1. Compute the long axis of helix B:87-100 from its Cα atoms, compare it with the longest principal axis of the Cα atoms of chain B, and write down the angle in degrees, 0 to 90, nearest 10.
2. Using Cα pairs under 8 angstrom and six or more residues apart, how large is the relative contact order of chain B, in percent?
3. Tilt of helix B:218-232 relative to the longest C-alpha principal axis of chain B, in degrees (0 to 90, nearest 10)?
4. For B:K119, list the aspartates and glutamates whose Cα falls under 18 Å from its own Cα; do not include residues on the same chain fewer than 8 positions away.
5. List the aspartates and glutamates whose alpha-carbon lies under 12 Å from that of B:K57, not counting same-chain residues fewer than 8 positions away?
6. Considering only protein heavy atoms, what is the solvent-accessible area of A:H24 at a probe of 1.4 Å, reported in Å² to the nearest 10?
7. State, in angstrom, two size descriptors of the stretch B:1-79 derived from its alpha carbons: Rg to one decimal place and Dmax to the nearest whole number.
8. If one takes the accessible area of chain A alone plus chain B alone and subtracts that of the pair, with a 1.4 Å probe, what total in Å², rounded to the nearest 100, results?
Number of protein chains: 2
Amino acid sequence: MQLFYTPDITDSPIYYLSEEESKHCIRVLRLELADHVQLIDGRGGLYEAEIVDAHPKKVALKLLTRELEYAKRNHYLHIAVAPTKNIERLEWFLEKATEIGIDEITLINCQRSERKEAKAERLNKIITAAIKQSLKAYHPKLNDITPLQKLIAQPFDGQKFIAHCEPGDKQDLSKTLKPNSRYLILIGPEGDFTPKEIEDALQNGFEPITLGNSRLRTETAALEACFEINFLNR
Amino acid sequence: MQLFYTPDITDSPIYYLSEEESKHCIRVLRLELADHVQLIDGRGGLYEAEIVDAHPKKVALKLLTRELEYAKRNHYLHIAVAPTKNIERLEWFLEKATEIGIDEITLINCQRSERKEAKAERLNKIITAAIKQSLKAYHPKLNDITPLQKLIAQPFDGQKFIAHCEPGDKQDLSKTLKPNSRYLILIGPEGDFTPKEIEDALQNGFEPITLGNSRLRTETAALEACFEINFLNR
C-alpha cells in the first residue's frame, strides 16, 4: 500500500492531499477511486484511508482506521553532531539513523567543524523520505546549526554523553547507560573536539564515552552511537 | 604521517613504491627525503619507513619498524549480502563495515536480488581506501557474486546466521552469539529471501536471527549485523 506523509492531518473524517501530493498520487502512482493508502502524521499516528475522490489536484481520502503511538520508541535519543564537509555523509547518517531509530538531531558548530552551514530544509527531506520508506510514524526533529557552547548549556532531562578521542577515562555505553531513558550524545568533527570543548562539556554534566577501538569517521561514529543506544534498549 | 597500502611488501629492508604511488608521494603529497611514512600490508603488518630516495618514479623506503598483527580482531566476521540496485548503497556498506570491523564479504545472488552483477575490482578500491583512512592493517576479503545455494552449501567453521523478515522463530544475536568465534551472516535483498531460500539455509545449519523491530534497507541491515557482532565481542 502506498504511504503518504501528512503532518497536517486532523480529526476530520475526510483528508485532502495537497496539490503536489494529489498529482503524484493520481498521475505518477496511478491510484484510483476506492484504492486504499496509508498515512503517517509524524506524531505517532498511522492511518489507513480510502480514495473517495480521485481528483488530480485535490484527492479526497476517507479515514478508515487510526493507530496512535504506532511503534512508539521506548527511549528518547538526541544526537548532536558536527556536520561533515561532504554533505552526503551527513545525509547518509540522517537516513540510517532514522531507519534504526532516533528522535532528535542537532547540527553543532564546533571549533574544528569542517562545515559551518547546512540546508536544514533539504536535510529534513532526507528524514521524511526515510520515515516513509521504513514506516515510522514519528518524524525525528532536526535542529539547525547551533554553537556547541549553546547546546552544552541548555538544560536536558536525561543522560548526557560526549564521544571524543582525547586521552582520558571513557566508559562504554553498555556500562553506564540507564535503559528506557533520555539521552543526548555529542559527536565531534573529524578533527575531534578541542580539550576546552571537552572540559566545558564535562563541567556541564556530560559523561565521556568510547564508541569502540576503531577510528571512525564523524558520520560513522554518530551512527555507532545510534546503534548502541537502540541495541541497549532492545 | 602519510599512509600507503603495500600488499607486496617483503622482508627486504628497502621497499620501492610503484610508479603510480611514487608519483603520488612526490608530486601530490610533496613528501621529501628523510620524511617518514606508514605502510600497511593488508595482512596485519603496520610499518614505519623513511624515504631514502625521493625519486618521482621509484621512491625507496627504508623500513624502520614493523608491528605484526596490528589491532588484530578477536573474532572473524563474514557477511554475505545481496548487492543493492543502487551500487552506492553497497559502497557505503563496504566503507562503514570496514571502519567498524569486518573480515570477509560475499555478494550473493538470490532469487529476488535487484542486482545480478557488480564490479568487484571497483568495490575493492572502496575497501582499500577505508582501511587506509581508518588505519586497519588487515584488508577485508571481498568475494564476487556467488549463487546463494553455493554459499549455503560451502563448509564454514563457526556460527551461521540468516536474517530474514518472514514470520517464524528468530533469536537476537545477543542471546545466541558465542563470543570470540567465527560468524557467517546472510543478508537478503530488499524483497527478502524466499521461503525456500530460508528453508535451505536452515537445513544447512543457519540459525534465523532478528536485527531488531525496524524495517531496514539491505545495506542498513548488513551494517546493523556488523555493528552487533562487533559490539557483542567488545
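1. 70 degrees
2. 20 percent
3. Around 80 degrees separate the two axes.
4. B:E88, B:E91, B:E95, B:E104, B:D144, B:E219
5. Cross-link targets: B:E19, B:E20, B:E21.
6. 80 Å²
7. Radius of gyration, then largest Cα-Cα span, for the stretch B:1-79: 13.5, 43 Å.
8. Looking at A and B, the buried total is near 2600 Å².
The values are calculated or read from the model by the stated rules, or taken from the named source; none is laboratory data. Please read all numbers here as calculations on a predicted model, not as lab measurements. Cβ atoms come from the backbone with ideal geometry, glycine included; neighbour counts cover every protein chain shown. For accessibility, only protein heavy atoms count, side chains too; no ligands or nucleic acids. Shrake-Rupley method; radii C 1.70, N 1.55, O 1.52, S 1.80 Å.
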